[in-house]
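Participant: Mind having a look at this structure? Questions to follow.
Computed from the coordinates by the stated procedures, all read-outs in this text should not be read as laboratory data. Remember, predicted model here, so these are calculated numbers, not experimental data. Heads up, the Cβs are rebuilt from the backbone with ideal geometry, glycines too, and the neighbour counts pull from every protein chain shown.
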Amino acid sequence: MKYISTRGETAHKPFSEVLLMGLAPDGGLMLPEHYPQIDRCTLDRWRGLDYPGLAFEIMRLFVTDIPEDDLRDILDRTYTEAAFGTKEITPVRTLSDGIKIQALSNGPTLAFKDMAMQFLGNAFEYVLNKEGKKLNILGATSGDTGSAAEYALRGKKGVNVFMLSPDGKMSAFQRAQMYSLQDGNIHNIAVKGMFDDCQDIVKAVQNDAAFKEKYHIGTVNSINWGRIVAQVVYYFAGYFKATQSNDEQVSFCVPSGNFGNVCAGHIAKQMGLPIRRLIVATNENDVLDEFFKTGAYRPRNSAHTYVTSSPSMDISKASNFERFVFDLMDRDPQEINTLWAEVAAGKGFDLQFALDKVGGKYGFTSGKSTHADRLATIKQVYEQDQEL
């Protein structure tokens, strides 16, 4: 399996190179040349696997330049009961109204980002050791990515982490998780502004190919393909736990800030997982909800991005959205270059003509919540089910 850029001007690359790369040299995001297709027979075979076994079967389709025994070892060391508190890794519980909750936050930092970041830490160390390289990770976080990345990479050989976060905008718990780490390879940098300002700095550095190469700079943000491919696994795992047979369909409702999580769901659906709907759930920063309802994509600047009670989603420029639009535009890099030039100019774009395809072929729909909605739902579920 080789990887291509959404902007179309990067040579096709193997997984290990893409893992260390982050943003492509042409400013685009890396995606596989094609999505592997999973038939009913394969789904039947996968249904009984444990989480590390399922992860191996899925990821071996995307990671073809790491020997399979080594890949299996990386995954066996990553997805353990010790790290995630349960052999199931992502257990599914059912509420009294029939809605099912997939637990993705059982890892070391209690954030769903641990699901991919724990893999990334072990994969980075493996590839860097094999190639005799060092890597300086420059990342941006609105809360959960930073702590998950730092806990996954603390003490890892050949890796330094420089994590940008918006000063005073994260939860006190997340700030304490990050700033209390004393490992020599972890460096926290507070930026005056919002998450999008931190992300803009990371993207500016990522876009300076010469600087990036000279200082061996990579990223752990969800622009890193290694993050997305690890997240694809739990859509399959959740589907198998939520259903009795592979004849059933499931819809996933996914809280969305940077569009990485639901992008992994999109890839799982394109591979053949029987997903009916992918529900993009936004908070007051509802740029993505506006797109899926109207076709208009209008990213906002920091002054027009709200500080909310779900700070990890306080994002108005969703990096991974470009991966989905690339598929939506039939993988035409010229279209992507044109559209994102409009984004860079502060205008955004309108794809109203593509809305039928969004809801039909791709199964996307969306909604937004307010602070009051979130409190009411937490209260209601606790009163009905004694589930927090």
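Participant: Quick one: among GLN118, GLN352, GLN270, which has the greatest mean-square fluctuation in a GNM of the chain with alpha-carbon springs under 10 angstrom?
Facilitator: GLN352
Participant: Just flag the GluC sites (Glu not before Pro) in the stretch 243-301 sitting in loop per DSSP whose Cβ has no more than 12 other Cβ atoms within 10 Å.
Facilitator: Loop-located and lightly packed - GLU248.
Participant: Once you've got the GNM for the chain with C-alpha springs shorter than 10 Å, pick whichever of LEU355, LEU31, LEU153 has the biggest mean-square fluctuation.
Facilitator: In the Gaussian network model the winner is LEU355.
Participant: Can you check what the net charge comes to around SER310, using other residues whose Cβ is under 13 Å from the Cβ of SER310 (Lys, Arg +1; Asp, Glu -1)?
Facilitator: That sum, taken over residues with Cβ under 13 Å, equals -2.
Participant: While we're here: Just to confirm a number: summing +1 for Lys and Arg and -1 for Asp and Glu over residues other than GLY158 whose beta-carbon lies under 12 angstrom from that of GLY158, what do you get?
Facilitator: Working: positive: LYS130, LYS133, LYS134, LYS156, LYS157; negative: GLU125, GLU131.
For residues surrounding GLY158, the net value is +3.
Participant: Additional query: With a cut-off of at most 16 other beta carbons within 10 Å, and DSSP calling the residue loop, which trypsin sites (Lys or Arg not before Pro) in the stretch 313-355 qualify? Please list them. Don't skip to the end; give the middle numbers.
Facilitator: Values: sites: LYS317, ARG323, ARG331, LYS347; in loops: LYS317, ARG331, LYS347.
The qualifying sites are ARG331, LYS347.
Participant: Then there is this: Can you tally the net charge around VAL205? Count Lys and Arg as +1, Asp and Glu as -1, for every other residue whose Cβ sits under 14 Å from the Cβ of VAL205.
Facilitator: -1
Participant: Where does the chain land at 222 nm, in deg cm²/dmol rounded to the nearest 500, when only DSSP H runs of n ≥ 4 count, each adding -39500 (n - 2.57), divided by all residues?
Facilitator: Rounded to the nearest 500, it is -13000 deg cm²/dmol.
Participant: With springs connecting C-alpha atoms under 10 Å apart, model the chain as a Gaussian network and identify which of THR90, THR308, THR145 has the largest mean-square fluctuation.
Facilitator: THR308
Participant: Explain nothing, just compute: Karplus ³J(HN,Hα) = 6.51 cos²θ - 1.76 cosθ + 1.60, θ = phi - 60°, for every residue of the stretch 196-205 in order, whole Hz, x for Gly and Pro.
Facilitator: 4, 5, 4, 5, 4, 5, 4, 5, 4, 5
Participant: Of all DSSP beta bridges located in the chain, what percent are antiparallel, nearest 5? Please report the intermediate quantities before stating the final value.
Facilitator: Values: 9 of 33 bridges.
Within the chain, antiparallel bridges account for around 25 percent of the total.
Participant: Among TRP340, VAL262, ASN185, which residue has its Cα positioned farthest towards the positive end of the charge dipole of the chain, with +1 placed on the Cβ of Lys and Arg, -1 on the Cβ of Asp and Glu, and the dipole taken about the Cα centre?
Facilitator: ASN185
Participant: Okay, next question. Taking the Cα centre of each part, how many Å lie between the stretch 247-284 and the stretch 151-226?
Facilitator: Centre-to-centre (Cα) distance: 27 Å.
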